[in-house]
Structures are given as structure tokens and as C-alpha cells.
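Trainee: Below you will find the structure I want to go over with you.
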Amino acid sequence: MVKVFAPGVVKLFGEHAVVYGRPALAATIDRGVYVECEKGDRLVVETVGVPASLRYFPEEKRAEALGSERFFAYIDAALRFAEELWGSLRARFTIKSDLPPGIGAATSAAVSVGVLKAYSLCAGVEVDVYSLAKLGHRVELEVQGIASPMDTAATSIGGVLKIWASPFRLERLNASLPPFYIAVLPRVGTTREIVADVKALLDRRRSAANVIEAIGSLVEEAHACLLAGDLECLGELMYMNNWLLGALGVVDGRVVTLLDMAKPFIYGGKISGAGRGGVVLLLPREGTMVERVLSSLGHVYYKVSITETGAAAV
Ligand code: PMV
């Protein structure tokens, strides 16, 4: 049996501006998606604990998993590409996630890349991380129509990465961070809708281009602070990045309240990803107090660490 872990991804700095040619800093975390592959007599995919809502039709004694079509669309496309490249395989794939889907932590990229990696290992093929990243991106493109290469590259390669979207390029940074918190707020709108709203703002208000410019220069400063391991600097830049994202209209009142209440106990914090809820990063000074604030606000949260490797057998 083969078991692969494909890590989730947080955006440390630079989301949205990355769409307009600036670099972003992303990192893989120790929560993500597990994919097992065991050879058998037929191809079966089983998901365990992947949250889904069920609709039941008592007259027909039939249940329907809502939203599952999309989840299985990633698996379908990944299996199809894998079969084309590495030959057909009869196996049972079991997929588990320890992050909720659709929050902006790259779970769809981790599912796509995790299935590809597990398939390749089960078929006895070695695939390098850059090919895996490209294939994973093809899966996301097919399912979503448009997709940034950031998440699939990060979950394939792992570590702290500086990423340029177009033309795509990345640099692996020799940086680490102490464990931090991610709070998960219900998201209002999809990445595609939020990215479209930011584009509309940029088209409407020419001053908004300065915000993108400011995020770009902040990312360069954050890069230097990451290499130096300077938490005061990183925290302050997280706040600045967050308020600049606020100027683009993607930070809502729930995030402002959370950061305000956590302020005495953190170096800094920000949304991670497209925004309007989703993941919020909190770089803690006093972990127990941060947990108290998160619990008192009723937020789902996880304490996470940065991982050094991308999708790999475990
Ligand atoms: O929320 P997510 O994980 O889908 O991240 C979106 C990141 C953006 O920079 C806003 C969009 C992109 O394509 O890079």
C-alpha cells in the first residue's frame, strides 16, 4: 500500500497582487490531504471524513452528496491524466482531509496532486516535483477553467516559496517560522468572484494600482524578514498587507474584530488567500491567549507548522 500526504498551503504575503505580476510568498503546512492507493481488482475511490452535506429522498431511498460532483471532478481529471501517462491501474484510492474544503488552503490542489502522486507510486513510476506541479495545475485548469499555478506548485514542491504567476517562476526560500494559527471563517464568495471584484475596482479607480504596487514592495521586505527570522517585522508586515488587502475590499468586519481582539497576543495577522473570510493567519506571541480569543469568538482554528516537503509518501 502507498500513502501520500499532500500539504495544504497558506499565502504568507502578496495574494491578489500576484495576479498583476508581483511575487507572492506561500508556504506548505502540516495539515492537508492524505491519499492511499492499494492495488486491487477494480478502480474505486473512497473519501473518509471529507465534509459533505447529504440530501435524502425518502421515496426513492436515495441520497445525494451536495458539492461532491466538484470534489470528484478533481479526482476524475487527475485519474484520467495519470492513466494517460502511466498506464491503467486497478486500485482502491482512499482520500482523507484534515482541512475543510473551499477555505483557501489549497485543498483542491492537494487532492489533485495527492491523487497524481499516489497513482504514480502505485504504478511504480517516479515523477519529479516540477512535472507533478504542472500536471496538478492542468487538473485545476480543467475543473475550474482558470486557476493560479501557486497552490499546485506549493503542494508539490513544499517549503516557503516565492512565486511569480505569469510567466510562472518560483524560488524556494531557506526560511522557517515558529508554529502559528490559522482561523477558518466561513467564506463569502468564491476566489473567482473575489478576484473579479478586485479587477473591477482596479478598472474603476486608478489609485487602486498604488495598492498593488505597495503590496509588491511589502513582499520584498517580508522576504528579507523571513530570511532573518524577524518575527516583529513579519507580524507588522502581515498587518500592513492585511490593511492593503482591506483597501482592495477583501477584508471584512469579522477579520477586523478577530485581529483587534488577538492584537495583544500576536506579532501580527492577515487573511490568507482571496479573502472575505476563509483562512486568517495569526503569528502568536502567547499561544494560549490566542486560542482563548479564537474559542471565545467561536472560530474553527488549527495550530500549524510549515513543512519542508511537498506531496510525498509517508
Ligand atoms: O483563496 P485562494 O486560496 O483561492 O487564493 C487566491 C489567491 C489570489 O491571489 C487571490 C488569486 C490567485 O489566482 O493567485
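The values are calculated or read from the model by the stated rules, or taken from the named source; none is laboratory data. Quick caveat: nothing in here was measured; it's all calculated off a predicted structure. As a convention, Cβ positions derive from the backbone with ideal geometry for all residues, glycine included, and neighbour counts pool all protein chains shown. Just the protein is used for accessible areas: all its heavy atoms, side chains included, with ligands, DNA and RNA removed. Shrake-Rupley method; radii C 1.70, N 1.55, O 1.52, S 1.80 Å.
Trainee: Taking the criterion of being in contact with a Cys (Cβ under 8 Å, 6 or more places away or on another chain), closer than 28 Å to residue 285 by Cβ and not basic (Lys, Arg), would at least one residue in segment 204-220 satisfy it?
Mentor: Just the residues of segment 204-220 that are in contact with a Cys (Cβ under 8 Å, 6 or more places away or on another chain), to begin with: none.
Within segment 204-220 (the criterion being in contact with a Cys (Cβ under 8 Å, 6 or more places away or on another chain), closer than 28 Å to residue 285 by Cβ and not basic (Lys, Arg)), the answer is no, since none of the residues qualifies.
Trainee: Only one of these conditions is not met by residue 151: (1) more than 14 Å from the ligand (Cβ to nearest atom); (2) open to solvent by 10 Å² or more (accessible area, probe 1.4 Å); (3) touching a strand residue (DSSP E or B) at 6+ places or on another chain (Cβ under 9 Å). Which number is it?
Mentor: Condition (1) is where residue 151 drops out.
Trainee: From the list 73, 133, exactly one residue is within 20 Å of residue 26 (Cα to Cα), of a type in the set (A, V, I, L, M), within 19 Å of the chain's Cα centre (by Cα) and outside any strand (DSSP E or B). Which is it? Steps first, answer last, please.
Mentor: Working: 73 fails: within 20 Å of residue 26 (Cα to Cα).
Of the residues listed, the single one that is within 20 Å of residue 26 (Cα to Cα), of a type in the set (A, V, I, L, M), within 19 Å of the chain's Cα centre (by Cα) and outside any strand (DSSP E or B) is 133.
Trainee: Six or more apart or on different chains, Cβ under 6 Å: which pairs go from a residue in segment 14-27 that's closer than 15 Å to residue 306 by Cβ and touching a residue at least 40 places away in the same chain (Cβ under 8 Å) to one that's open to solvent by 10 Å² or more (accessible area, probe 1.4 Å) and near the ligand (Cβ under 8 Å from one of its atoms)? Could you list them?
Mentor: 26/11; 26/150
Trainee: Sticking with this structure for a sec: Looking only at segment 263-295, how many residues end up being hydroxyl-bearing (Ser, Thr, Tyr), away from the ligand (no atom under 16 Å from the Cβ) and touching a Gly at 6+ places or on another chain (Cβ under 8 Å)?
Mentor: 1
Trainee: May I pose another question? Identify, from the list 59, 38, the residue that is out of contact with any Leu (no Cβ under 7 Å at 6 or more places or on another chain) and modelled with pLDDT of 95 or more. Spell out how you get there, then give the answer.
Mentor: Numbers: 59 fails: modelled with pLDDT of 95 or more.
The unique qualifying residue is 38.
Trainee: If you don't mind, there's one more thing I want to ask. Within segment 89-109, identify whether any single residue is more than 16 Å from the ligand (Cβ to nearest atom), acidic (Asp, Glu) and not in a loop (DSSP other than H, G, I, E, B), and answer yes or no. Write out each step before concluding.
Mentor: As a first pass, look at segment 89-109 and keep what is more than 16 Å from the ligand (Cβ to nearest atom): 89-96, 98.
Then drop every residue that is not acidic (Asp, Glu), which leaves 98.
Those left that are additionally not in a loop (DSSP other than H, G, I, E, B): none.
Scanning segment 89-109, I find no residue that is more than 16 Å from the ligand (Cβ to nearest atom), acidic (Asp, Glu) and not in a loop (DSSP other than H, G, I, E, B), so the answer is no.
Trainee: Evaluate the following for residue 182: is it touching a Phe, Trp or Tyr at 6+ places or on another chain (Cβ under 8 Å), surrounded by 14 or more Cβ atoms within 10 Å (Cβ to Cβ) and closer than 29 Å to residue 116 by Cα?
Mentor: Taking the combined requirement at face value, the residue satisfies it.
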